[in-house]
1. Could you tell me which residue out of LEU706, LEU745, HIS773 lies farthest along the dipole of the stretch 706-783 toward its positive end? Charges go on the beta carbon: Lys and Arg +1, Asp and Glu -1, centred on the Cα centre.
2. Among ALA575, ALA596, ILE555, pick out the residue whose Cα is farthest towards the positive end of the charge dipole of the stretch 530-633, where Lys and Arg carry +1 and Asp and Glu carry -1 on C-beta, about the Cα centre.
3. Counting only protein heavy atoms and using a 1.4 Å probe, what share of the accessible area of the stretch 431-519 belongs to carbon plus sulfur, as a whole percent?
4. I'd like the Karplus ³J(HN,Hα) series for the stretch 110-126: coefficients 6.51, -1.76, 1.60, θ = phi - 60°, whole numbers in Hz, and an x wherever there's a Gly or Pro.
5. Each residue of the stretch 360-367 in turn: what ³J(HN,Hα) in whole Hz from Karplus with 6.51, -1.76, 1.60 and θ = phi - 60°, glycine and Pro shown as x?
6. To the nearest 0.05, what FRET efficiency results for ASN608 and VAL783 with a Förster distance of 25 Å applied to their C-beta separation?
7. Taking the Cα centre of the chain as origin, sum charge times position over the Cβ atoms of Lys and Arg (+1) and Asp and Glu (-1), and report the length of that vector in debye to the nearest 20.
8. If you average the alpha carbon positions of the stretch 43-63 and of the stretch 433-493, how far apart do those two centres end up, in angstrom?
Amino acid sequence: MIRKLNGDYPAFVLDTKNTSYAFKVMETGQLEHLYYGAKITVNEASDLEALSEKRAFQQGNSIAYDQEHLSFTLEDVCLETSGYGKGDIREPFVEVVAADGSATTDFVYDSDEIKKGKEELKTLPSSFGDNVEGLHVTLKDKNNGYTLVLSYFVYEEEDVITRCAKFVNTSSATVQLKRLMSTQIDYNEAGLTVSTFRGAWIKEMQMVDTVVKAGKFVNSSFTGSSSNRANPFIMISRPGTAEHQGDCYGFNLVYSGNHYEAVEVNAYDKTRVVCGINPTQFSFNLKPNDEFEAPESVMTFSKEGHNGMSQNMHEFVNNHIVRGEWSKKARPVLLNSWEANYFDINESKLVALAKKGKEVGVELFVMDDGWFGERNDDKRALGDWFVNTKKLPRGVKGLAEKINAVGLDFGIWIEPEMVNVDSKLYRAHPEWSIEIPGKAHSEGRNQRILDFANPEVVDYITKAMCEVISSANIAYVKWDMNRIFSDVYSQHLAADAQGEVFHRYIMGFYQLAKALTERFPHVLFEGCASGGNRFDLGALCYFPQIWASDDTDAIARLSIQNGYSYGYPMSCVSAHVSNVPNHQTLRRVPIDSRFAVASFGVLGYECNLSDMKKEDLTAIKSQIEIYKKFRECMQFGNFYRGKFGNVVEWTVVSKDKKQAVGMIFQKEVQPNKPFLDYHAYGLDPLKKYHFYSNESKVSIKTFGDLINGAVPVHVKQDGFLHNLIDKFVTPKGDKEDYEAYGNALMNAGVGLKPAFASTGFDMEGNVRIMKDHNARLYFMEEV
């Protein structure tokens, strides 16, 4: 709910189910930020007076705003928006260079409007909703007459408020917009913890906490995409905040390009947070009456710690970012050809692999890179989107028909934003590439980036992709983007417009994504950018799920998927079981453990089933049966983080709280530590649940030559007799099976069978054999 409170000057209160956000117009016309946090009671403007900062004298060595307000300096006040030149020397919200070269801005209140509903942005994707209320505050610049519109939208049920801004050049001359942020929040305190999610290729979303007591902390991307180096999602929390208690704020950006999140503490111990487009090498030339839209930003608050904040974000993304036919639809279990074949594909190999997938319960087969042009490696043919008939004699259509005849849906890989120099497309149109003419170009993955700042290029690729997707019965598209930007220059734009390239590229990407997803609404599009190099809310407006990382190693995926879970729901996170040794780390993790981690997300397989051992195929078939039984819960349930250290604990609970799945993953065995418990989260405290696990598998060979303490003859380790005994003697593995109420499972937890500690093993399953990299799944169903 949004309310305008009229006093001497207008004030505004935005309420969600559990939070309040308040600001007011000051006597000088600026907007003073008063409060954002747990819900407060405000009935009239005078109720906010207690929240407003008081002033009585001019502060030394600071700038007084004007002669009528000598005690007022913009450097020492919490604001909704800011600019340089009038005394505020903190991170600005907006920067504009006027025709005369001056850069001072002074935006003051002009008008406001409260409206029901939410219109789409003209140039960028944004959130949506039926019961959304919006506040639009118009500010005017006192120096040059520019217009700045701040828009706020309230999602009451999710405890989310979104913001965006629009700059309109209502002056009489062309200006240069150097910066326009999406959100600014000022806090009257220092020492807040900033949680960011850093990383690189195959190690995305590593959570890092930084306490900011003074100076400036920046989380940003300058890769041309939201990047795996620094995700645009950040958290701000007060001291003492943990997973389930404390004040936690979450911020994200509906944008897929260069982003910027700065947290600055000034001389007066005020903390400013700004989020938006990265101002580095950004500039937009705006003629009179031209306007520029900043991306929408997302804010939420919870006093129930990180997990409380995550629940808000998850609900918001599922209900107001992901859209279309697949937003609430169960996602298929897929088998991808990449790690099984890489570029070495042909029709017979792919059909044979698909048949194996069908036998174990896979529902969708995906042909990855290598199917088009002369694409036998990553050095050639990107941009040549015609089928390689040497590999696929009957074309994509013929292969799709064979895959469908097996009983599987068919999917395909594309990388529409890229081009190889060794391609027919580049030879025909070298001017369509982002590069500086006549200068050496630094490439990534042997490829260059098409200039999506050029509408002609976007139109060409749109047509080419429509031809590919409509050429066969294609149910799924994996959309890849395998390099970051370098030598950024658009041969389409004028020299003085090169500061627009990054943003115009992203607008072109959105134009293509919108055209294809609207043309093919039944196709499931999965985003990918060398894994998680473009995992953001902007991409999720078109792709219901995104490949979280090219790293399929289960140990690495623990921290990667845990990191994503802070800001993104598991329905958006694609996770695959691959072969061992893992292709990224060479680590060997048991297949049950690989499945346990991958099942907390959108499950797929990426391994050569044609070469796999019978026992592994049997295990996969069982895994997929389990996943299908709990799929709705795993993909769309409420996800909770528990322990995270040597032991990792996750829980996901169905919306109706009738089902839940928990996981315990042990990275390394710790000697003589038999006790371990599992704590559930999010259950109905008064429901009674059947808590159980499937019996774990134990091999006699696990114990090596310890077997000699239990048999009358000597057994040589890995010898004939050892293998013979292992074939016919199978100890029972540990298995849990209880009934308990939800409040007991959450508050007291379940004491699991004791872990092996050198002694005490029996054959009846009373001891838990968990080696390095072992996991257990626990199932909870309402009695």
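The values are calculated or read from the model by the stated rules, or taken from the named source; none is laboratory data. As the structure is a computational prediction, the values presented were derived from the model and not from experiment. Glycine also receives a Cβ, built like all others from the backbone with ideal geometry; neighbour counts cover every protein chain displayed. SASA here: full protein model, heavy atoms, side chains in, ligands and nucleic acids out. Shrake-Rupley method; radii C 1.70, N 1.55, O 1.52, S 1.80 Å.
1. It is LEU706.
2. ALA596
3. 48
4. Ordered by residue, 3J(HN,Hα) equals 10, 6, 8, 8, 10, 9, 7, x, 9, 8, 5, 5, 6, 10, 9, x, 7 Hz.
5. Calculated HN-Hα couplings, in order: 9, x, 4, 10, 9, 10, 10, 8 Hz.
6. 0.05
7. 2440
8. Each part's Cα centre sits 53 Å from the other's.
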